[in-house]
Amino acid sequence: MSLLVVGLSHRSAPVSVLERASLAADTQTKLLQDTLAAEPATEAAVLATCNRIELYADVDKFHAGVAELSTLLAQHSGVGLDELTPYLYVHYEDRAVHHLFSVACGLDSMVVGEGQILGQIKDALALGQEIHTAGRLLNDLFQQALRVGKRAHSETGIDRAGQSLVTFGLQQLAGDADPAAWAGGKRALVIGAGSMSSLAAATLARTGVSEIVVANRTRARADRLVEILHQADGTGVRARAVEMAVVADELTRADVVVSCTGATGLVLTAEAVAGALGVPYDAAVEAPAAAAAAAPGDLDQHAAWVENGSATAAAPRTARALVPAQSTGPVRLALLDLAMPRDIDGAAHRIDGVRLVDIESLAEASADAPMAADVDQVRTIVGDEVAAFGAAQRAAHVAPTVVALRTMAADVVAGEIARLDGRLPDLNEKQRAEITQTVRRVVDKLLHAPTVRVKQLASEPGGAGYADALRELFDLDPQTVAAVSRADLNDPNRGRS
């Protein structure tokens, strides 16, 4: 196993870099295809979420693999390699396995213990399977990561520490108030109809909002989400779908907005938010110099500086000037931006009557969140599972050699029985069957101890050489061993999620 992961996350990079490096769905596919075309990699999978981008690969050369994967991430993210490199982390072999298992358990999440990452890992595996970039190693790895994550959630109380980004975000919007009491009777606008937006809509319904309006670029997906909300038991929420073209009108009636789309430009500009509230606002006249003169102690926890969006929704998300933090006052419109890159102009944070929570502020708030005592138990589970996975992979490495050895032995037995038939043609069927069975039992007993022992030895650290020793001792044909490996790899039932 030569597993390599190169990536960046909210723990290694600022949100501004993650935002620029985010990968659209078609870009992920191209990244995987180009990774497989690169010489050091034979398998590849990409895990891309709102707060991490990680490229997994089975490589034959470590240093060349790191260089190639880093370059590919830079090329497909659009962030220059020199700028991206300081934020990248690298894990290899057992450390890479440990990293993914920790991610699957929610230990590396922005909100420790959150379970949504399991769905994202499943999606990453499904993409690799669909375009045939995930082979035996990555299929086994990601399938086991899913099992480890489920085990952590079922055997420990990590769920008490963890929650979805949606739940955590609503808590931040509610401030000191109980989220259910805060949301009760409010009208909510959900922009987007993907997995995160669907989770947001379901959470809002359970929290007690009176109405949910879903806006999405594809109307059919918005209609489907509304249908699901209507079918949910016990919420009684009113729900309807609208076109994206009427979002500005719906904004004037909303009390809380949750946005998570895959758009490449801002979905809500600060001007649109201000217009919906009837608040005069002209971002162009804000003086960054005046903002820079403000004392850090006067600034909100959300950030000392927030990037200010341009005047049109279609403008690039990176073209922003600095503006002061949010002004105080009663909240008329609560905005939760779960997109990466962001959907909502950061400058909306300072509009009177607006409270904005986004990925950046969630990262800051989660840094101080208490961790459950069960986290230590989850870490123990991860450590045990990493050891077990490594042992299984090493044992699997020797398995084709053992199969090839037994195949060779069976061929020897068949050849000797054929020779016996020629020498003793008068044997009846019963006698022939008894002799055949006796020879087979002798061969099986002779091979049993060495094959069992070689599997045990191969599962231990440093045991990969036992397969080579077995091939050398018994003069096994390498082509036969390779054929066994290919047959196992091409099994249609292997590694399907």
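For Ser12, tell me the accessible area in Å² from a 1.4 Å probe, rounded to the nearest 10.
Spelled out: Ser12, probe radius 1.4 Å, area about 40 Å².
What fraction of the DSSP beta bridges in segment 1-124 is antiparallel, stated in percent and rounded to the nearest 5?
Counting only bridges with both partners in segment 1-124, antiparallel ones make up about 100 percent.
Check Val190: other-chain or 5+ apart residues with amide H under 5 Å from its amide H, H built from backbone geometry?
Under 5 Å from the amide H of Val190 lie the amide H atoms of Val213, Val214, Ala215, Val258, each far enough along the sequence or on another chain.
Give the accessible area for Glu227 in Å² (nearest 10); use a 1.4 Å probe, count only protein heavy atoms, and leave out ligands, DNA and RNA.
So the heavy atoms of Glu227 present about 80 Å² to solvent.
Can you send over the solvent-accessible area of Glu271, 1.4 Å probe, protein chains only, in Å² to the nearest 10?
Approximately 50 Å² of Glu271 is accessible to the 1.4 Å probe.
Using Cα positions and a limit of under 20 Å, work out the lysines in reach of Lys445, with same-chain residues fewer than 8 apart set aside.
Lys455
What's the long-distance tail for segment 1-133, i.e. % of Cα pairs beyond 23 Å?
Result for the distance tail: 24 percent.
Leaving ligands and nucleic acids out of the surface, order Lys430, Lys61 by accessible area at 1.4 Å, largest first.
Per-residue accessible area, sorted high to low, gives Lys430, Lys61.
Please give me the summed charge of the neighbours of Arg332: other residues whose Cβ is under 13 Å from its Cβ, Lys and Arg +1, Asp and Glu -1.
In short, +2.
Can you give the three extents of the C-alpha atoms in segment 147-191 along their principal axes, from longest to shortest, in whole Å?
Taking max minus min along each principal axis of the Cα atoms, segment 147-191 gives 38, 26, 15 Å.
The values are calculated or read from the model by the stated rules, or taken from the named source; none is laboratory data. Computed from a predicted model, the values in this text were never measured in an experiment. With ideal geometry, Cβ positions are generated from the backbone for all residues, glycine too; neighbour counts draw on all protein chains shown. What goes into the accessible areas is simple: the full protein's heavy atoms, side chains included, and nothing from ligands, DNA or RNA. Shrake-Rupley method; radii C 1.70, N 1.55, O 1.52, S 1.80 Å.
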